[in-house]
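Chemist: Pasting in a structure now, in C-alpha cells, and then I'll have a few things to ask.
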Amino acid sequence: MKKLFMIAAMMVATLSVSAQQAGQMFIKPMVGGTLTTVVGDADGIKSKIGLVGGAELGYNINSTFGITAGVLYTMQGYKVKGIDDAWNMDYINIPVLANVYVAPGLALKAGPQIGFLTRAKVDDADFKDACKSVDFSIPIGASYEISDFVIDFRYNIGVTNIHKKSKVAEILDEEDIDAKARHSVIMLTVGYKIPF
C-alpha cells in the first residue's frame with residue numbers, strides 16, 4: 001500500500017512538472033468567484049460575492065519562471081451596512097504576472113493590472129459617472145497545477161481612488177468631500193492550460 005501511494009505521488013509530480021516545460025506557450029481559459037469590497041475613507045462597507053471569467057496567455061521561459069497576460073471580466077463592488085442592494089462595478093481587467101515556480105506545480109505570482117470600468121449600478125441607478133473609468137491594481141497570489149488544470153488564488157490590491165472627487169461631492173451635495181476608496185478583491189479560479 002505504501003508503494004502504491006509513492007507511485008501515485010510521483011505520477012502527480014511528473015504531471016505537474018510537465019505543465020511548466022521551458023519554452024512552452026499556452027492559453028488558459030479560467031472561471032471562478034470573487035469576494036470584493038473597497039477600502040478607504042467610507043464607514044460601514046461590507047464585501048460582496050461576484051464572478052470572474054476570461055483567459056490568460058502564458059509563456060514559460062524556463063522550468064522555474066514564466067509570464068502570463070490575461071483578459072478577465074470581473075464583477076467587483078461592495079455593499080453598505082443597512083442597504084440591501086450591492087454597489088456593482090464590473091471591469092475588464094488585464095493582468096500581466098510573473099510566475100515563479102517554487103515547487104513542482106506550485107507558482108507564486110505578482111504583477112500589475114489595469115482595469116476598464118464597464119458597469120456601475122446600485123439597484124437600477126447608474127453611478128458610472130461618479131467613478132474613474134480606469135483602475136490600477138497589484139495582484140499577488142499563488143497557483144497550483146495538477147496535470148493541465150490550474151487552481152489560482154489572488155488578492156488584487158487596488159491603488160487607484162475609484163471615485164471622481166467632483167462627482168461624489170455633487171451626489172452627496174458637499175463641496176469639500178474627497179471620499180477615497182480603492183478596490184480590494186479576493187479571487188479564486190480554476191483554469192485549463194492548452195499548450196500550443
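Chemist: Tell me which residues come under 5 Å, amide H to amide H, from residue 119 once H is placed; ignore anything under 5 positions away on its chain.
Modeler: For residue 119, whose amide H was placed from the backbone, the distant partners under 5 Å are 90.
Chemist: Hey, what do the phi angles of segment 126-139 turn into as Karplus ³J(HN,Hα) couplings, whole Hz, using 6.51/-1.76/1.60 and θ = phi - 60°, x for Gly and Pro?
Modeler: For segment 126-139, the Karplus-derived couplings read 8, 10, 4, 5, 8, 10, 6, 7, 10, 10, 10, 8, 10, x Hz, x marking Gly and Pro.
Chemist: Kindly write out, for segment 57-62 in residue order, the coupling ³J(HN,Hα) from the Karplus curve 6.51 cos²θ - 1.76 cosθ + 1.60 (θ = phi - 60°), rounded to whole Hz, with x marking Gly and Pro.
Modeler: Karplus-based 3J(HN,Hα) across segment 57-62 equals 9, x, 9, 8, 5, 8 Hz.
Chemist: Shifting gears a bit: Heavy atoms of the protein only, probe of 1.4 Å, neighbouring chains included. What is the accessible area of residue 143 in Å², nearest 10?
Modeler: 10 Å²
Chemist: I've got another one for you. Would you please give the residues with an amide H less than 5 Å from that of residue 63, counting only those at least 5 places away or on a separate chain, with H modeled from the backbone geometry?
Modeler: 22
The values are calculated or read from the model by the stated rules, or taken from the named source; none is laboratory data. This is a predicted model, so every value here is computed, not measured. Ligands, DNA and RNA are stripped out before the accessible areas are found, and what is left, the full protein with its side chains, is counted by its heavy atoms. Shrake-Rupley method; radii C 1.70, N 1.55, O 1.52, S 1.80 Å.
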